[in-house]
Amino acid sequence: RRVPFIAWMVIISVYCCIMYAHVASYRALMQGAKQQNSFIDAYQYARALEEDHMEQSSRKKSVPMAQHGNAIETVRENSDAADTELIHVVSTRFMQGQSHLIELGLARLTLFQTFCLPTMLYQSSKDFIWIIRADSDLHPTISGTLVSLLRRKQTFILLGSNENPEGFGRTNPQTSFEDFLNGATVMSGNITLVREAYEKSAAGGILLETRLDADDGLHLDYVKTVQNEARNNLVNNDNVHEPSQLWRLWCTNTNIEWHPLNPYPAVPEILAHNNKTIPEGYLVGYTDHTICSTPGLTFGYGAGASRASMGFNHLRHDEIARRIPKCKSDKKDTAIEVECVSRLTELIPGGAVRARTVTSAGMNNVITGIDNVDETTSGFKAKRQDQHLIQQYFRQKEIWRILAEDFAVSNEGATYARSLIVGRMHFIAEENLRGQCTPGHSCKNQTRGMLEKLIV
């Protein structure tokens, strides 16, 4: 009788050991997934994002466009403009020279998924190429997710490179496409399409180069609006301008900022309100004509024009606003206007959405949650008399609805991004501090001071 009993005890012990091993393995797997953000399946994310926005778009079609404030300029009756080749390249940098900063990279990847990618997937004009240049030594979890997110789009090109060439076939002296790539590794996308566009740009036509940071996004009509204005102004149909004069810049007139922590001033009306945390974060719309901000900054050249035509190689964002005249012509005017910068006032409520978090290299306007720091470094916190700003606090639901319609940004994605940024803020700030002053990145004493206070 003892033998069967012992046998049963052995079987039960083995079974318990197997189950314990499975549970331990599962816990380790989930813990690793949380640390690496790998529990987000990038492909399913993109598919769900697409289905969600298709549903939103179908609802939006029944609403007149004017109600959304999107006045898209049509191309004037101009056969030359219609026949002219247009090449549009959007350029984005991701973690260049910072591949060793895993925590920072995962946080920036989440912001890319939430704010940048959706706005590019659903641009109303698909006639553009998006080149994303990322450090070729990125952690496999990060690079693999990027590839998965972009693999369905042939015109979205992911390159392993720390270089950021400009000119795209319009350099002087002219460089070959191989020199443009300069050994970059093609990680995703159809590089043949880029080569063809490069050769068309070198041969003439209109070239548009748009900048977009990986944590920002563009209004869904941004590309279409800029392209229409370019066709109307960069084709020499008046025989007045020299070919080298056919250049023009574009930048946003108004932007929307996303903050994971409350950026609004602590005034009585806000303090008296039921001040619960908004799980998806806070939105603030603003206009600043003293700079041309990075998201959407576009350089446009007609045939015969290039960066050299502008008379400068590099201008800071404030210098662009200060030194280049503002375009003044009315949209109904048939005369072209060049050698100026155009503010896209028709993109309402904003031309771009900008994520302001501790992942930022410059930390401009970032809320840290440390009162004595935020009161001196955040422009919004100090604007206690700005009623237009304060009223936005009470219109968050409305602004979020607009963000979903005009930028394809979902509340669910923003909620996850906020939980990650807030929950891992100390570690993200620590790595952002380590990444300061690396080649191609910000190096400011104020930024370093803010990050140091976050990690104390």
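The values are calculated or read from the model by the stated rules, or taken from the named source; none is laboratory data. Keep in mind that this is a model prediction, so the values were computed, not measured. We place every Cβ from the backbone using ideal geometry, glycine too, and count neighbours over all the protein chains shown. For accessibility, only protein heavy atoms count, side chains too; no ligands or nucleic acids. Shrake-Rupley method; radii C 1.70, N 1.55, O 1.52, S 1.80 Å.
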Exposure of Asp318 as accessible area (Å², to 10), given a probe of 1.4 Å and all protein chains: 50
Difference of contour (0.36 nm per residue) and Cα-Cα distance, Cys443 to Leu193: 86.4 nm
Surface accessible to a 1.4 Å probe, Asp127 within the full protein complex, Å²: 80
Within 10 Å of each candidate Cβ there may be at most 16 other Cβ atoms; applying that plus a DSSP loop requirement, which trypsin sites (Lys or Arg not before Pro) in segment 139-220 survive? Arg151, Arg152
How would Lys444, Lys453, Lys381 rank on accessible area, largest to smallest, probe 1.4 Å? Lys453, Lys444, Lys381
Between Phe427 and Lys126, how many nm apart are label points set 7 Å from Cα along the C-beta direction? 3.9
Sticking with the crude label model, points 7 Å out along Cα→Cβ, report the distance from Ile12 to Lys383 in nm, one decimal please. 7.0
Everything considered on the Cα gyration tensor (a ≥ b ≥ c; rounded for a/c under 1.5, else prolate if a/b is larger than b/c, else oblate), segment 308-456 must be described as oblate
Which of Lys276/Lys453; Lys276/Lys381; Lys126/Lys153; Lys383/Lys444 exceed 20 Å between C-alpha atoms? The answer is Lys276/Lys453; Lys383/Lys444
Additional length obtainable on full extension of the chain from Ile291 to Glu163, 0.36 nm per residue less Cα span: 43.6 nm
Expressed in nm to one decimal, what extension gain is obtained for the pair Val186 and Val147 from 0.36 nm per residue of sequence separation less their Cα-Cα distance? 13.0 nm
Going by a ≥ b ≥ c, the root eigenvalues of the Cα gyration tensor, does segment 387-427 fall in the rounded group (a/c under 1.5), the prolate group (a/b larger than b/c) or the oblate group? oblate
Hey, what's segment 232-310 come to in accessible area per residue, 1.4 Å probe, Å²? 36
The computed P(r) of segment 241-362 puts the percent of Cα pairs beyond 26 Å at 37
The set of residues whose placed amide H lies less than 5 Å from the amide H of Val409, leaving out same-chain residues fewer than 5 positions away, is Ala404
Under a 5 Å amide H to amide H cut-off, with H placed in plane at 1.01 Å, what residues pair with Phe168 once short-range neighbours are removed? none
May I ask for the Kirkwood hydrodynamic radius of segment 294-390, worked out over all distinct Cα pairs and given in angstroms to one decimal? 17.1
